[in-house]
Every structure is written in C-alpha cells, then in structure tokens.
Ligand SMILES: *[C@@H]1O[C@H](CO)[C@@H](O)[C@H](O)[C@H]1NC(C)=O
Ligand SMILES: *[C@@H]1O[C@H](CO)[C@@H](O)[C@H](O)[C@H]1NC(C)=O
Ligand SMILES: *[C@@H]1O[C@H](CO)[C@@H](O)[C@H](O)[C@H]1NC(C)=O
Ligand SMILES: *[C@@H]1O[C@H](CO)[C@@H](O)[C@H](O)[C@H]1NC(C)=O
C-alpha cells in the first residue's frame, strides 16, 4: 500500500477489487486504496472527507460502500460516507445519532445496515439503522449491555448475533440477538469465557465459531489472550467448548475458506505479534 495503516477496513467490491480505507498511523488517515489481485498492485482512490480508524465499512446492495464513525485522532465520529466504485469518489451521507468507534456494522436482508455499540468517551448500548434509500439513520432497540470490541454474525434465520466485547474494563461473556422484524434485542446463552478482540465465523452447519480474544482475570491489571474456542448453536441458543487453538491470540483475523474450514492468522499474545496460522 502507499500508506502504513492499522485499524483500517478492507472490503471486496463487486468488480473484484479490494477497497482499503482509513486506519491509524500516528493519528488517523482519510486515504483509501484499491488492490487488483490480477496485477497484485495498489492504486490510490478518492479520499474520505474525514480521517478515521476503528470505523466500519459495509457493502450495500447497490455496490456502494458505507463507512461509519471511527476515531479521527481526537474524538469518535458521527459522520458516515459512501464510496462509489464506478467514480472512485466519496459523498457524505446522513450522520449517525451517536458518535461511535470500535462498533460493529451488519447488513440486514432488506438492505438496511445495523450499527451496534462502540464507545465515544462512554460505552454504548445503543444501536441504529441506516436506510440506503433515504440516507438516514434511525435509533433502534438498545442492547442490554454497552459493548465495544465485540463481533456480530448474521445467522441463517436472519437474526444478528452480537458476541462478547468490553464494557469499560469488564470483559463480557454475554451474547444478544437482534430481530430485524421487531427491532428488539434478546439475551441468548453466555459463552464459557468472557472475551473481546476475538473472532466469530459462521460455519456451513449454521453454528457460529468464536475463537481466541482477550480476557482479564479479576484483580489483574493486564489482559491475557485466550486459546479457547466455542460453538454457538442457534437452535438451542447455547455455547459449547470446542478444541483449543494451539496458540492463544487476540486481535487476529479469521477467514472462512471455500472448503468450509476457518483459517485463523496472526494476532497478539502477551505483547508478541504472531506470524502463526491455524485451521479449524
Ligand atoms: C485489474 O487489472 C487487470 C489487468 O490490468 C485489468 O484487466 C482489470 O480490468 C483490472 N480490474 C479492475 C476491476 O479494474
Ligand atoms: C428494513 O427493516 C427495518 C425494520 O423493519 C426498517 O426499519 C427499515 O426501514 C427497512 N429498510 C429498508 C431499506 O426497507
Ligand atoms: C437506550 O439507552 C440510552 C442510554 O444509553 C437511553 O438514553 C435511551 O433512553 C434508551 N432507549 C430506550 C428505548 O430504552
Ligand atoms: C484449553 O486450554 C485451557 C487453558 O488455556 C485448558 O484449561 C483446557 O483444559 C484446554 N481444553 C482442552 C479441551 O484441551
């Protein structure tokens, strides 16, 4: 890439290019770049109006990319912008009701985008829906718990599963389900381990795999990476422990391969950055 970045986003566009946006270097950046896998090269594309890291990027049904919130180096943002892949340019769209960083975004079956949680100096339980037809945001039901550094998964039944995260320095084992038809969250089974900075992956079986993350033992000042993994069964709403990863890791990446296996790569363990990878 032309610029070093972390806490950026990466999205695969309908034309096969990968759009990378924003992130932190020292402060946040507003630049974006496109990767063409045929040539293995990066080209700079239009810049966002705001520098942002710890934001979200979601692909809309019309092929545009919606970027929301994030941290601009001084504060969390309410603003959102749309990337047009045909023109390579950004336009401002409606702002969220609440400024957020370290939140999540999930695209619903009807095309709206649900953002949930995050932080902006306080920890957020609120959630809101973006309507791509009107370019506006509407608050929807609150989660029962404020959370950031959580994950979301869209289940086969259309419900959105929110998993773990942190509420201030408290690591969460709880999970909640959002029903897009009612706009209401309900608590579902809790994980065996509280965790933030984990990954979740929807498996071909319909279950959700949660892997690794960080946790903090009561009385300890520092968090510790986890090697544990668990499976969520949407039919029963319960979690069961599955085999451990070989290496404890947080802030890693999980990618579902075409053969259904989940590839976990890198991350952080006890201050050491990891180059190892494992398959589930
Ligand atoms: C990617 O690069 C190839 C080779 O130059 C080019 O033919 C193709 O059009 C590029 N893809 C896009 C989506 O621009
Ligand atoms: C999707 O459904 C939600 C909940 O009924 C609704 O608030 C939202 O406006 C719908 N979005 C679109 C694009 O129709
Ligand atoms: C949602 O939570 C916020 C505080 O985080 C509160 O101000 C608001 O009234 C709540 N909304 C509902 C519908 O309970
Ligand atoms: C997984 O690792 C934890 C400690 O990290 C250990 O307590 C537990 O027994 C392990 N589970 C299995 C199934 O090996």
ask   = In Å, what Rg and Dmax follow from the Cα atoms of the stretch 173-227?
value = 13.8, 42
query = How many nm is it between the label spots at residue 18 and residue 38, if each spot is 7 Å from the Cα in line with the beta carbon?
reply = 1.8 nm
note = Of 50-61, 12-23, ordering from highest average Cβ density within 10 Å down gives 50-61, 12-23
task = Arrange the peptides 242-252, 35-45 so that the one whose residues have, on average, the most other Cβ atoms within 10 Å appears first.
result = 242-252, 35-45
remark   = Per the C-alpha gyration tensor (a ≥ b ≥ c, the square roots of its eigenvalues), the stretch 23-100 is rounded if a/c is under 1.5, else prolate if a/b beats b/c, else oblate; here it's oblate
remark   = Dividing the mean separation of Cα pairs under 8 Å (6+ apart) by the residue count of the stretch 207-280 yields a relative contact order in percent of 24 percent
query = How much length is gained if the chain between residue 92 and residue 2 is pulled fully straight, taking 0.36 nm per residue apart and subtracting their Cα-Cα distance, in nm to one decimal?
reply = 30.0 nm
ask   = Where the centre of each part is set by its Cα atoms, how far does the stretch 239-271 sit from the stretch 154-189, in angstrom?
value = 21 Å
query = How do the peptides 174-184, 96-106 rank, highest first, by the average count of neighbouring beta carbon atoms within 10 Å per residue?
reply = 96-106, 174-184
query = When only Cα pairs under 8 Å and 6 or more residues apart are kept, what is the percent relative contact order across the chain?
reply = 8 percent
message = I want to verify the translational diffusion coefficient of the chain in µm²/s; compute it with Stokes-Einstein, Rh as the Kirkwood radius over Cα pairs, at 10 °C and 1.306 mPa s.
response = 83 µm²/s
request  = Indicate the gyration tensor shape class of the stretch 182-279 (rounded, prolate or oblate), computed on the Cα atoms with a ≥ b ≥ c the square roots of the eigenvalues: a/c under 1.5 is rounded; otherwise a/b larger than b/c is prolate and the rest oblate.
outcome  = oblate
key: Computed lengthening from residue 277 to residue 246, 0.36 nm per intervening residue step minus Cα-Cα distance   = 10.2 nm
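We did not get these values from a lab; they are worked out from the coordinates using the rules stated. Predicted, not measured: the structure shown is a model, and the values here were computed from it. FYI the Cβ positions are ideal-geometry reconstructions off the backbone, even for glycines, and counts take in every protein chain you see.
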